[in-house]
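The values are calculated or read from the model by the stated rules, or taken from the named source; none is laboratory data. Because the structure is a prediction, the values reported are computed rather than measured. No Cβ is skipped: glycine too gets one built from the backbone with ideal geometry, and neighbour counts run over all protein chains shown.
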Amino acid sequence: MQTDRTRDPGKRLLAAAQYVRAGAVFADVGTDHAALPILLCRTGRVQKAYACDIARAPLEAARRNIERAGLAGRIVPLLCDGFSGLEGLGVTDAAVCGMGGELTARLIGAAPFLARDRVRLILQPMTRARFLRSFLLSAGFSIEEEELLSDAGRQYELIVASYTGKTEEWSEAELYLGKKNVARGGEALARLAARRVAHLKNLANGQTGAEKEKTEETIRQIRALAAPAERK
Ligand SMILES: C[S@@+](CC[C@H](N)C(=O)[O-])C[C@H]1O[C@@H](n2cnc3c(N)ncnc32)[C@H](O)[C@@H]1O
């Protein structure tokens, strides 16, 4: 039987929801069935939300779920690509969950109002988290919070960022693991490090010379950062 995502949003979306500030005007980009805005409005954490999706079918499902939840006056469904259509609506906090890291970065890069209005971004990339961190830091966004969580045997990364205008340079290993995750340590970090090392070992197998040496150095750095966690 399929889970009703609006009744049972799951650990991943519950974790994302806790980083939305109380009283925020919230936008969920790639909302699918609007599970996240419905959760946030039901709990009273936000009064007003935008449920955005690029595709008609999920947005129709979102609209039905919003009506069924009695939240039609508070959650506005929007058919749009990324953040287009949200500028000037007073959005303070926005989520992009369940999409690829490169697409997430592209959507943020195409919406300069996110920097200007200091919108808090709650991001949960399914792939390429290293790429997304690198993009955020070079574009002047500061990574305020990070969390690793597991659900149904799969590990997910959450990244919370806001624009400060200051760019930051992290090492390759820090980009792969996330500085806040490294500081927190523990089993979750060890698991993430093991996944990254396996991926990079695969990559190194197909490389030669300086490129291979660089990948191997990153593997050494990742192991060093995760080592205290492994000893716990
Ligand atoms: C895998 S679902 C994730 C749903 C939900 N955010 C979650 O984490 O469970 C991705 C959703 O993003 C939508 N999407 C993909 N590209 C998009 C874009 N450029 N702008 C807005 N929505 C997009 C898809 O139509 C789909 O409904």
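Tabulated data for the structure shown
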quantity	calculated
Unique match (being of a type in the set (F, W, Y), surrounded by fewer than 17 Cβ atoms within 10 Å (Cβ to Cβ), in the same structural domain as K11 (by TED's automatic domain parsing) and in contact with a helix residue (DSSP H, G or I) (Cβ under 9 Å, 6 or more places away or on another chain)) among F141, F113, F131	F131
Residues that are more than 16 Å from the ligand (Cβ to nearest atom) and part of a strand (DSSP E or B), drawn from the stretch 5-52	V25, K48
Test: residue in the stretch 96-109 that is without any contact (Cβ under 8 Å) to a residue 60 or more places away in the chain, more than 16 Å from the ligand (Cβ to nearest atom) and among the charged types (D, E, K, R)	no
Some residue of the stretch 177-194 being aliphatic (A, V, I, L, M), under 17 Å from the mean Cα position of the chain (by Cα), assigned by TED's automatic domain parsing to the domain that holds D93 and surrounded by 16 or more Cβ atoms within 10 Å (Cβ to Cβ)	no
Residue identified as touching an Asp or Glu at 6+ places or on another chain (Cβ under 9 Å) and of a type in the set (S, T, Y) among Y176, Y156	Y156
Single unsatisfied condition, R68 versus (1) surrounded by fewer than 14 Cβ atoms within 10 Å (Cβ to Cβ); (2) within 12 Å of the ligand (Cβ to nearest atom)	(2)
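Yes or no, residue by residue, for (1) at pLDDT 95 or above; (2) within 25 Å of T127 (Cα to Cα); (3) over 21 Å from the mean Cα position of the chain (by Cα); (4) not assigned by TED's automatic domain parsing to the domain that holds I122:
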position	(1), (2), (3), (4)
C52	yes, yes, no, no
R56	yes, yes, yes, no
P77	yes, no, no, no
L89	yes, no, yes, no
